[in-house]
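A.B. asks: Before we start, here is the structure in question, set down as structure tokens.
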Amino acid sequence: MRRISPVLQQDGVEPELIALLKTILAACREISFRVSQGELAGVLGSTLGENIQGETQKKLDVIANELLKEVILETGVVKAISSEEEDTIVAGNPQGKYLVTFDPLDGSSNTDINSLIGTIFSILPADPDKAPDDSSLFLQPGTAQVAAGYVLYGPSTMLALTTGHGTRLYTLDNTYGGFLLTEDQAAIPKYTTEFAINMSNQRFWQEPMQRYVADLLLGKTGPRGKNFNMRWIAAMVGDVHRVLCRGGIFAYPRDTKDPQKPDKLRLMYEANPMSFLVEQAGGLSSTGYQRIMDIVPTDIHQRVAVILGSKHEVETCIGYHKA
Ligand code: AFP
């Protein structure tokens, strides 16, 4: 099985970007080990701290964030980083060519129940004329990403990665200590009968999503004429991995549950990297009204509605938003 460097070299990826990706993956290997140790290493449970999203920080959130921040800034090729666990951007090398934005531990509410969690990252080019502490560096649409991926900490630790040459899946081989290519070109089936959404929010959804999901639930007896099955892992990294592996539609739509926070998922370090991976695997990613990767961000912690997955199913869902 092929190692990651020769695969990226074959894609013509710049050596500095390959080195940066390998550094991020080295940190993820360490996180994978800490996660696997769980209570043995006393890393489960929460800290007393809260992040800028107002969420209680898990010990592993902080451990993963510090690990990634430290090794990424040490590379010297990064001008600044932005993280779900950092209120503001963290400046790096003023001559750095890249910006990294990441969710150090997605699905952290799953840590204490030994369920799927992951690290999500997105790499952007850095404007050479801007200062490393200028947060407007990051306000680029998802189409500007030069690389995106996630590492899923599950029964096996897996990596999904794109540099714009398709989406590839790798599995961590702990004997060799590195990621080996296990799926050369992930291809999301165009059609699906599987959907993922937090149904407990149904009464707060907007009308188009209410009608779309109602028709899914009617199955064969309704206008869709086929039965659909539901899944929900409560960690985007887990639900998107399933979509990359066997298709499906994943949605976290806008709702009225908390008028201050109509959208849940973060654009820069959840929606954009996942959208790049999904589109490179032949799927679609939308807010219902707009392609997510065309959104020009206004804030590094901005939230957005997300509908992604199998092309025909996402198009069908978008159709309900047009009606
Ligand atoms: P945490 O990282 O705070 O656990 O949130 C995970 C997440 O951002 C995303 O990964 C899930 O898809 C979604 O939230 C789960 O939301 P619900 O808690 O509403 O199911």
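The values are calculated or read from the model by the stated rules, or taken from the named source; none is laboratory data. Owing to the predicted nature of the structure, the values given are computational and were not obtained by experimental measurement. Cβ coordinates were reconstructed from backbone atoms using ideal geometry, including for glycine residues, and neighbour counts include every protein chain displayed. Ligands, DNA and RNA are excluded from the accessible area calculation, which covers all protein heavy atoms including side chains. Shrake-Rupley method; radii C 1.70, N 1.55, O 1.52, S 1.80 Å.
A.B. asks: Would you pick out the residues in the range 203-217 that are within 16 Å of the ligand (Cβ to nearest atom), of a type outside the set (F, W, Y) and open to solvent by less than 40 Å² (accessible area, probe 1.4 Å)?
C.D. replies: Within the range 203-217, M209, V213 meet the criteria.
A.B. asks: Right, another one. Out of all the residues in the range 16-36, is one or more among the aliphatic types (A, V, I, L, M), modelled with pLDDT of 95 or more and open to solvent by 50 Å² or more (accessible area, probe 1.4 Å)?
C.D. replies: Yes, the range 16-36 contains at least one residue that is among the aliphatic types (A, V, I, L, M), modelled with pLDDT of 95 or more and open to solvent by 50 Å² or more (accessible area, probe 1.4 Å).
A.B. asks: Let me ask something else about it. Is it the case that some residue within the range 104-117 is more than 17 Å from T157 (Cβ to Cβ) and free of Cβ contacts under 8 Å to residues at least 24 places away in the same chain? It would help to see each step written out before you state the result.
C.D. replies: Initially, the range 104-117 is screened for residues more than 17 Å from T157 (Cβ to Cβ), giving 109, 112-113.
If we keep only those that are free of Cβ contacts under 8 Å to residues at least 24 places away in the same chain too, we end up with 113.
Checked against the condition, which is being more than 17 Å from T157 (Cβ to Cβ) and free of Cβ contacts under 8 Å to residues at least 24 places away in the same chain, the range 104-117 yields at least one hit.
A.B. asks: Could I ask something else about it? Which condition does Y269 not pass, out of (1) outside any strand (DSSP E or B); (2) closer than 21 Å to H312 by Cα; (3) of a type in the set (S, T, Y), if it passes all the others?
C.D. replies: Evaluating Y269 over (1) outside any strand (DSSP E or B); (2) closer than 21 Å to H312 by Cα; (3) of a type in the set (S, T, Y) leaves (2) as the failure.
A.B. asks: Among the residues of the range 260-269, are any modelled with pLDDT under 95 and away from the ligand (no atom under 12 Å from the Cβ)?
C.D. replies: yes
A.B. asks: Continuing with this model, one more query. Of (1) exposed (fewer than 15 other Cβ atoms within 10 Å of the Cβ); (2) closer than 19 Å to R242 by Cα; (3) within 16 Å of the ligand (Cβ to nearest atom), S200 satisfies all except one. Which?
C.D. replies: That leaves (2) as the condition not met.
A.B. asks: Looking at Q140 and the list (1) crowded, with 24+ Cβ neighbours inside 10 Å; (2) away from the ligand (no atom under 15 Å from the Cβ); (3) of a type in the set (S, T, N, Q); (4) within 21 Å of T298 (Cα to Cα), which single condition is not satisfied?
C.D. replies: (1)
A.B. asks: Ok, one more. Please go through the range 231-257 and pick out each residue that is among the acidic types (D, E) and closer than 18 Å to E84 by Cβ.
C.D. replies: D239
A.B. asks: Do we have T111 as β-branched (V, I, T) and either at pLDDT 95 or above or part of a strand (DSSP E or B) (or both) here? It would help to see each step written out before you state the result.
C.D. replies: On the way: β-branched (V, I, T): yes; either at pLDDT 95 or above or part of a strand (DSSP E or B) (or both): no.
No, not satisfied.
A.B. asks: Next question. Looking at (1) more than 24 Å from D239 (Cα to Cα); (2) open to solvent by 10 Å² or more (accessible area, probe 1.4 Å); (3) within 17 Å of the chain's Cα centre (by Cα), which is the one condition that is false for V90?
C.D. replies: (3)
A.B. asks: Only residues that are open to solvent by 10 Å² or more (accessible area, probe 1.4 Å) and either aliphatic (A, V, I, L, M) or within 16 Å of the ligand (Cβ to nearest atom) (or both): list them for the range 117-127, please. Write out each step before concluding.
C.D. replies: Residues of the range 117-127 that are open to solvent by 10 Å² or more (accessible area, probe 1.4 Å), as a first pass: 125-127.
Across the range 117-127, the qualifying residue is only A126.
A.B. asks: Can you find, within the range 37-81, the residue that is nearest to S135 (Cα to Cα) among those that are assigned to a strand (DSSP E or B) and within 16 Å of the ligand (Cβ to nearest atom)?
C.D. replies: Across the range 37-81, the extreme among qualifying residues is E50.
A.B. asks: Any idea which residue in the range 97-116 is nearest to the ligand (Cβ to nearest atom), counting only those that are farther than 21 Å from F276 by Cβ and open to solvent by less than 40 Å² (accessible area, probe 1.4 Å)?
C.D. replies: Here the answer is S108.
A.B. asks: Looking at G288, G238, G248, can you tell me which residue is away from the ligand (no atom under 16 Å from the Cβ), in contact (Cβ under 8 Å) with a residue 24 or more places away in the chain and open to solvent by less than 30 Å² (accessible area, probe 1.4 Å)? Explain how you work it out, then say what you get.
C.D. replies: Values: G238 fails: away from the ligand (no atom under 16 Å from the Cβ); G248 fails: away from the ligand (no atom under 16 Å from the Cβ).
When all the criteria are applied, what remains is G288.
A.B. asks: Right, something else. Tally up the residues in the range 158-211 that are under 18 Å from F276 (Cβ atoms) and of a type outside the set (K, R), please.
C.D. replies: 18
A.B. asks: Which of the numbered conditions does G96 fail, given that it passes all the others? Conditions: (1) part of a helix (DSSP H, G or I); (2) farther than 25 Å from D239 by Cβ; (3) in contact with a Lys or Arg (Cβ under 8 Å, 6 or more places away or on another chain).
C.D. replies: (1)
A.B. asks: If M1 satisfies all but one of (1) of a type in the set (A, V, I, L, M, F, W, C); (2) open to solvent by 40 Å² or more (accessible area, probe 1.4 Å); (3) assigned to a helix (DSSP H, G or I), what's the number of the condition it fails?
C.D. replies: It fails just one condition, (3).
A.B. asks: Residues to consider are K130, K226, K220; find the one that is open to solvent by 20 Å² or more (accessible area, probe 1.4 Å), free of Cβ contacts under 8 Å to residues at least 60 places away in the same chain and under 18 Å from S310 (Cα atoms).
C.D. replies: After ruling out the rest, the residue left standing is K226.
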